[in-house]
Every structure is written in structure tokens, then in C-alpha cells.
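Visitor: If you scroll down you'll find the structure; I have some questions about it.
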Amino acid sequence: MRDETKCIHCGYRPKNTEPKMVPIVQSTTYVFDSTEAVGEVFDEPTKALIYSRFANPTVMAVEQKIADLEGGVGAMCTASGQAASLLAVLNICKSGDSFVSTSQIYGGTVNLFAVTLKNHGIECIFVDADADAETIGAAIKDNTRLIFGETIANPALSVLDIRKFAKVAHSHGIPLIIDNTFATPILCKPFEYGADIVVHSTSKYMDGHAVQVGGVIVDSGSFDWTNGKFPELTDPDDSYHGITYVGSYGKSAYIIKARMQLMRDYGVYPSANSAFLLNLGLETLALRMERYCSNALAVARFLAASGKVESVSYPGLESDKYYPLTREYLKGASGVISFVIKGGKENAVRFMDGLKLASIEVHVADIRTCVLHPASATHRQLTDRQLLAAGIDPGMIRLSVGLENVDDIIDDIVQSLERI
Ligand SMILES: *Cc1c(COP(=O)(O)O)cnc(C)c1O
């Protein structure tokens, strides 16, 4: 099946007289015929449903759909994108270990990696996404367990050279984990370029309608965990009567461990109802991504030609630094643009407040166009000088282009620019 078809048909195929739509199984528990039947499931927990803290039929249908879209052997949904990144790392990192991440990642992930995981004894070493292979390799130590990066970084809008990072990771016997939120599997399938694990915030384009916060981890099944560096996957798990994940589950070892061990213990599983809503979003993902890309490209071109705009950052523009990588890895540059208005913070605020169609939101990747002015929101506490040091121009606006008619989106921008 092609992506458009997978979006609609994967994960749930009803049989004779079964519901056409994936049912919402809003049940915490499942019943068993006998004491022995329960015992068997505890010996082999992947055989049947036990408890909705780590597996539920509605959620599992969505997991299968996303695994099929990414081309992986399995997926596990989480209650948020943050939980997906957290569990993806914790599955192979413990106190005393380190991992490498590009600096150009989502701000929430920076906090998680640089502060919270550090408090738990896990060190994150940051490297620039544009660093050469030698510099990335030099950051890797004996206790380094993985490399992490974003396909299209939020909010930097840099595009990752996935092959380069995969090559460095594999030459050190460690996996590459990619946050593919902004690209979605429609625009990029990181496994095709050597990534081993993919995570998403499904709160963004996958949902697309701003109705559920969620995340997902997808396993390519292609990483060899038996090189001696990953005893947690090759040695017996005392919390599961001595099971060895690679021995019992082969290519699915990583994702099954994440569910059987981490999801069982941390319990950050989404509700069936959230998964049902996510599935509705996924059904039109392929169609929507095409339009996000074409709308955003038209808006980016309009902004680049405007005399009131100082600069535009959108990896789909031919003039953009990341255009060559966009051509190499992406079918389109997705829907988020950042641009700098002439006249600094004052004009940026005036522009934002003058918009009539686009709404001001701390969100991106929604069906509705929305804007955010980092200098007066997420980075509000910084002075102009500190903002520039952090790489954020006081006049910078992040624009998440929606699926309204592109002429209406541009008309709204025009009328608000005219007030400046
Ligand atoms: C939003 C986002 C996250 C965090 O996801 P939540 O669902 O908000 O927890 C992680 N990575 C990227 C790239 C994001 O845009």
C-alpha cells in the first residue's frame, strides 16, 4: 500500500459484521476464562491484553498504523511527545550513561535532556546539527548509548543530515533516534536513511486538529542490540522472571521492552478515546501534509518578497541554507515558517495583534493558521541582547501555516503588515 492508503486502512481491518470504524474500547481491564489463562498471559504478556496501562485495542490499532507508515516492526503510543522522547531514551540509558543530541531540538526536549535527565544521572552531550562527522564522533564516550536529532527542528527549522548521523552512530555501535514530528512519515521516513528508532509528538500534524496530546515510539527492528553494549536487551530481566528481550522477541526487542518494562512501570499510556481521535487525524495525514507544504511555500515566498520583512526561514525556499538537505530527505518542507519583521519587537507585536484570521497560540501544526512571537512569549524573560545571543531576533515570528485557502492566509498577513 502507498501512504494515502495506509493512512486510511492500516491498523484495523474489520471482519464480517464488525464495526467499520475502530471501536473505542474504553475499558481498563480484560477478562479471562480461568486462573490458568491469567497465569499464561503473565508468562507471555504479548499474547493477550491484561491492563490498559500498557496495551489497549484502540491504541494498538493506531500503533500498527503508525508503524506501517514509518516502515517499522512495531510502535508504542504514549500520553505525550515528551513521554515518547523520555521512554525512547530510558529504554537504553540508565544513571551513569550519556547520550548525544543535536542542539537544534524542541525546547521541551532540551529541558528534559539537559536538566531533568541530568538530575537522574544521565548526561546529554549537545552537538550542532551542522557539525561534521568527526566532531559528532568526538562527542561520543564509552558510556554513550545513542544519538538523538530532529528531522526538521522545532523551532530552528534546520534539516538533519540523517545519513551522516546514522553513520557516526553505527560506527560506534549505538542507535540513532529521530524525532520526526514536523516531517511526519509522509514527508520523510528516517528508517530509509539509517535511523533506528523514531519518535513523534502526535499532538502536532498527526492529530492536526488540536484535540489530543500524545506521542509515539516506532522501532525499525534493524538495529543489532547484541554487540555487547546493551545488556538490558540481551541479559535476563529480573522484573520479568528472567526474560531476555532479544532472545524472546528478536527484531522487536526494543519496542517490546519499552512496553513490557517501561510502560508497565511508568504508565504513560494514552486513553482509548485519545487514540480514536488521533486515528481520525491520521486518516487524512497524507492529504493534509501536501497542502501544508504548498500553502507554507506560497506564504514563505510572499514574505520573502515583502519589503517589510527582513528575513524568512523556511527549508523549502531555494534560498534557504537547508534547501539541499530538504531536497535530499523531504518530500516537502512542512508547514512552519519563521520570519523577522523589520523594526524589531515593537513591529512584531503590532503585526501579531493586527492579524484577524491567524490566532496567537503556543502550538504549531494545527489545521488553523497560528502565530507565536517568541520574544514576548516563550522567551519573554530575556532582554533584546540575551535574545540575540540565544539566536532569537526580537522581531522574529513563528508562523504555523494552516489549511485555510492560501489567499485568505496571505490577505490576512497583508492587511496586518499594512498597519506597520
Ligand atoms: C511538541 C513537540 C514535542 C513534545 O510533544 P508534546 O506532545 O507537546 O509532549 C516534541 N518534539 C517536537 C519536535 C515537538 O514539536
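Where a number appears in this text, it was derived from the coordinates with a stated rule and is not lab data. All values derive from a computational prediction rather than experimental measurement. Cβ: placed from backbone, ideal geometry, glycine included. Neighbour counts: every protein chain shown.
Visitor: Can you spot the lysines whose alpha carbon is less than 25 Å from Lys229's alpha carbon? Ignore those fewer than 8 places along the same chain.
Guide: Leaving aside lysines fewer than 8 places away in the same chain, those within reach of Lys229 are Lys94, Lys118, Lys141, Lys164, Lys167, Lys251, Lys257.
Visitor: Using only C-alpha positions, report the orientation-averaged shadow area of the convex hull of the range 286-417, nm², one decimal.
Guide: 7.7 nm²
Visitor: What list do you get for Leu187, Leu297, Leu357 if you sort them by fewest beta carbons within 10 Å?
Guide: By the 10 Å Cβ count, ascending: Leu357, Leu297, Leu187.
Visitor: Moving on. So what J values fall out for the range 172-189 if you push phi through Karplus, 6.51 cos²θ - 1.76 cosθ + 1.60 with θ = phi - 60°, rounded to Hz, Gly and Pro as x?
Guide: For the range 172-189, the Karplus-derived couplings read 9, x, 10, x, 9, 10, 10, 7, 9, 4, 6, 7, 6, x, 6, 8, 7, 10 Hz, x marking Gly and Pro.
Visitor: Label points 7 Å out from Cα along the Cβ direction at Thr17 and Val211: separation in nm?
Guide: Spacing of the two 7 Å Cα→Cβ label points: 2.9 nm.
Visitor: A further question on this structure: Of the options Ile152, Pro236, Ala61, report the single residue whose Cα projects farthest towards the positive end of the charge dipole of the range 3-280 (beta-carbon charges: Lys, Arg +1; Asp, Glu -1).
Guide: Ala61
Visitor: Which three numbers, in whole Å and largest first, are the semi-axes of the equivalent ellipsoid of the range 104-244 derived from its Cα gyration tensor as √(5λ)?
Guide: Equivalent ellipsoid of the range 104-244: 24, 20, 16 Å, largest first.
Visitor: Do any chymotrypsin sites (Phe, Trp or Tyr not before Pro) in the range 90-154 lie in a DSSP loop with no more than 10 other beta carbon atoms within 10 Å, and if so, which?
Guide: none
Visitor: To continue, here is another question. Straight-line reach only, C-alpha to C-alpha below 22 angstrom: list the lysines that Lys20 could link to, leaving out same-chain residues fewer than 8 apart.
Guide: Correct list for Lys20: Lys6, Lys65.
Visitor: Can you compute log10 of I(q)/I(0) for the chain with the Debye formula, treating each Cα as one identical point scatterer, at q = 0.08, 0.09 Å⁻¹?
Guide: Summing over Cα pairs of the chain leads to -0.45, -0.57.
Visitor: Moving to a separate point now. Can you sort Asp68, Asp235, Asp43 so the residue with the fewest Cβ neighbours within 10 Å comes first?
Guide: In order of increasing Cβ crowding within 10 Å: Asp43, Asp235, Asp68.
Visitor: Reported to two decimal places, what Rg/Rh ratio describes the range 369-417 when computed on Cα atoms with Rh from the Kirkwood expression?
Guide: When Rh is taken as the Kirkwood radius, the ratio is 1.10.
Visitor: Could you count how many Lys pairs in the range 286-417 have their Cα atoms under 21 Å apart, skipping same-chain pairs fewer than 8 positions apart?
Guide: Count of close lysine pairs: 7.
Visitor: I've got another one for you. Any chance you could list the semi-axes, whole Å, largest first, of the equivalent ellipsoid that the Cα gyration tensor gives for the range 142-195, using √(5λ)?
Guide: 20, 12, 9
Visitor: Relative to the present Cα-Cα distance, how much length would full extension add between Phe32 and Asp265 at 0.36 nm per residue of separation?
Guide: Full extension from Phe32 to Asp265 adds 81.6 nm.
Visitor: Percent of Cα-Cα pairs more than 14 Å apart in the range 308-384, please.
Guide: Everything past 14 Å amounts to 69 percent.
Visitor: If you rank Thr244, Thr29 by fewest surrounding Cβ atoms within 10 Å, what's the result?
Guide: Thr29, Thr244
Visitor: If you don't mind, there's one more thing I want to ask. Measuring from centroid to centroid over Cα atoms, what is the spacing of the range 309-363 and the range 1-47 in Å?
Guide: For the range 309-363 versus the range 1-47, the Cα centre distance is 42 Å.
Visitor: On the first, second and third principal axes, largest extent first, how far apart are the outermost C-alpha atoms of the range 67-129 in Å?
Guide: The principal-axis extents, from largest down, are 34, 25, 19 Å.
Visitor: Across 10 Å bins from the origin, how do the percents of Cα pairs in the range 1-137 run, short distances first?
Guide: 10, 26, 29, 23, 10, 2
Visitor: Separate question: Note the direction-averaged projected area, equal to a quarter of the hull surface, for the Cα convex hull of the range 207-321, in nm².
Guide: With the hull built on Cα positions only, its mean projection is 11.6 nm².
Visitor: What are the trypsin sites (Lys or Arg not before Pro) within the range 1-75 that DSSP puts in a loop, where the Cβ has at most 16 other Cβ atoms within 10 Å?
Guide: Answer by residue number: Arg2, Lys15, Lys20, Lys47, Arg53.
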